[in-house]
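Asks: Provided herewith is a single structure, encoded as structure tokens, for subsequent inquiry.
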Amino acid sequence: MRKSLLIFLLPFLLHLDVQAAGPVRKVYSDSIVPQTYQYIVRGDNALLMDVYRPDEPRPDSACVVFMFGGGFFSGSRNNQSTRLYCQQLAHAGYTAVAIDYRLHLRDVNGDTIRLTNMQGIFRDAINFAAEDCAEAVSFVCRNADTWGVCTRRIVLCGSSAGAIAVTQLDYCRANGFAPAAALPDEWKPAAVVAYSGAVYCDGRRPHYNTAPAPTFFLHGDKDKIVNYKKFPPILRLGLYGPKKLHRLFEKKGYPHWYFIYEGIGHEVSGLMSYTFQEFDAFVDKTLAGGRMQYDATLRDTNVRPTKWTTMNVFDLYKGGR
């Protein structure tokens, strides 16, 4: 089933609390204290994960593996927004897992990034992050019985760079590419949720040899950091944004939800808590076996343009570091 909506007052329709300055995030206390585990060592760096186990788990034992954003040069698994989101997930009954991953661009001088060298730099950063996510999933699966997790109901979710990484991992899994090699045999995510994500393709347009997981794309149509369409626009290689992926998913009949915020840029990458009801509905529908294609164009007066709408990817790596 496919639905197309133009929503002007989404918070009103969903009975969300809002304020004039912007979306309200429900603040949870740290009543659910995460346990921290080392899931792999890369070079001299131990990569950790924080596991938030719910007091009242969902009957389906669903788990969310979350990857933070930060342009592959900043961010952490235990920053404030990630902690808030994982607390929110755990209070809703999910086992939430926030992971470290390699920040390949941390040591790259932003002033040296040019269109001519950007593709190789970003390809490596994305693949390293996807590889780390695969190792984290494998670690979760090995501990699934202890943590009360169903390995068939693991959702991959990410923001910005993290959204690229989880979408890329599923792309690599579906095509048998190396970054997905650490995943357990025959494993497939129950779903993928990408807050401002994309897929990197090296020399050809996106394709899936086997079907992708049901995917929820949330993106701003003015996003110039993770481009809504494609970057760079003139070559086949590069990052393919949700507009391009939506066309492919629609053509092939792959289940997905596609929420596009009109007039908004990269702000959408931070809307995890604000759109929690939509996330929960997507996961519930997907885990129940729903095979929907859902297409929504959103005009939400509580999600307003900021500097993240005018910034492009070069601004991010020069002025944002």
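The values are calculated or read from the model by the stated rules, or taken from the named source; none is laboratory data. Fair warning: this is a prediction, and the values are worked out from it, not measured in the lab. Here the Cβ positions follow ideal geometry from the backbone for every residue, glycine too, while neighbour counts run over all protein chains shown.
Asks: Filter region 40-63 down to the residues that are in contact with a helix residue (DSSP H, G or I) (Cβ under 9 Å, 6 or more places away or on another chain) and of a type in the set (D, E, K, R) and list them by number.
Replies: ARG42, ASP50, ARG53, ASP55, GLU56, ARG58, ASP60
Residues checked against (1) touching a Leu at 6+ places or on another chain (Cβ under 8 Å); (2) closer than 24 Å to PHE122 by Cα:
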{"position": "ILE154", "(1), (2)": "no, no"}
{"position": "ILE164", "(1), (2)": "yes, yes"}
{"position": "ALA174", "(1), (2)": "no, yes"}
{"position": "ALA194", "(1), (2)": "yes, yes"}
{"position": "GLY203", "(1), (2)": "yes, yes"}
{"position": "PRO206", "(1), (2)": "yes, yes"}
{"position": "ASN209", "(1), (2)": "no, yes"}
{"position": "ALA213", "(1), (2)": "yes, yes"}
{"position": "PHE216", "(1), (2)": "no, yes"}
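Asks: Looking only at region 59-78, decide whether some residue is over 17 Å from GLN277 (Cα atoms) and part of a helix (DSSP H, G or I).
Replies: No, region 59-78 contains no residue that is over 17 Å from GLN277 (Cα atoms) and part of a helix (DSSP H, G or I).
Asks: Counting only residues that are more than 18 Å from the chain's Cα centre (by Cα) and aliphatic (A, V, I, L, M), which one in region 47-66 is farthest from GLN87 (Cα to Cα)?
Replies: Selected residue: LEU47.
Asks: Here's a follow-up. Among the residues of region 250-273 satisfying the criterion of being among the aromatic types (Phe, Trp, Tyr) and either in a helix (DSSP H, G or I) or under 15 Å from the mean Cα position of the chain (by Cα) (or both), which is nearest to LEU156 (Cα to Cα)? Explain how you work it out, then say what you get.
Replies: First, the residues of region 250-273 that are among the aromatic types (Phe, Trp, Tyr): 254, 257-259, 261.
Remaining after also requiring either in a helix (DSSP H, G or I) or under 15 Å from the mean Cα position of the chain (by Cα) (or both): 257-259.
Working: TRP257: 15, TYR258: 16, PHE259: 17 Å.
Selected residue: TRP257.
Asks: Right, something else. Given (1) surrounded by fewer than 19 Cβ atoms within 10 Å (Cβ to Cβ); (2) at pLDDT below 95, where does ILE225 come up short, assuming only one miss?
Replies: (1)
Asks: Separate question: Please go through region 27-54 and pick out each residue that is surrounded by fewer than 10 Cβ atoms within 10 Å (Cβ to Cβ) and at pLDDT 95 or above.
Replies: VAL41 - this is the single residue of region 27-54 that is surrounded by fewer than 10 Cβ atoms within 10 Å (Cβ to Cβ) and at pLDDT 95 or above.
Asks: Does region 277-302 hold any residues that are acidic (Asp, Glu) and part of a strand (DSSP E or B), and which are they?
Replies: Residue satisfying the conditions is ASP295 alone.
Asks: Against the definition (free of Cβ contacts under 8 Å to residues at least 12 places away in the same chain and among the acidic types (Asp, Glu)), how does ASP202 come out, yes or no? Reasoning before the result, please.
Replies: Details: free of Cβ contacts under 8 Å to residues at least 12 places away in the same chain: no; among the acidic types (Asp, Glu): yes.
Answer is no for this residue.
Asks: Scan region 140-153 and give yes if some residue there is buried (at least 18 other Cβ atoms within 10 Å of the Cβ) and in a strand (DSSP E or B), otherwise no.
Replies: no
Asks: Contact list please: Cβ distance under 6 Å, first residue in region 287-304 and within 18 Å of LEU245 (Cα to Cα) and of a type outside the set (Ser, Thr, Tyr), second residue at pLDDT below 90 and in a strand (DSSP E or B), pairs at least six apart or on different chains.
Replies: Note: pairs meeting the criteria are GLN293/ARG2; ASP295/SER4; ALA296/LEU5.
Asks: So, restricting to strands (runs of 3 or more DSSP E) that lie completely within region 181-249, which ones have at least 1 residues that are in contact with a helix residue (DSSP H, G or I) (Cβ under 6 Å, 6 or more places away or on another chain)? Steps first, please.
Replies: Numbers: elements: 191-195, 199-201, 215-220, 238-240.
Strands (runs of 3 or more DSSP E) meeting the threshold: 191-195, 199-201, 215-220.
Asks: Scanning for something surrounded by fewer than 23 Cβ atoms within 10 Å (Cβ to Cβ) and touching a Ser or Thr at 6+ places or on another chain (Cβ under 8 Å), does region 204-222 turn up at least one residue?
Replies: yes
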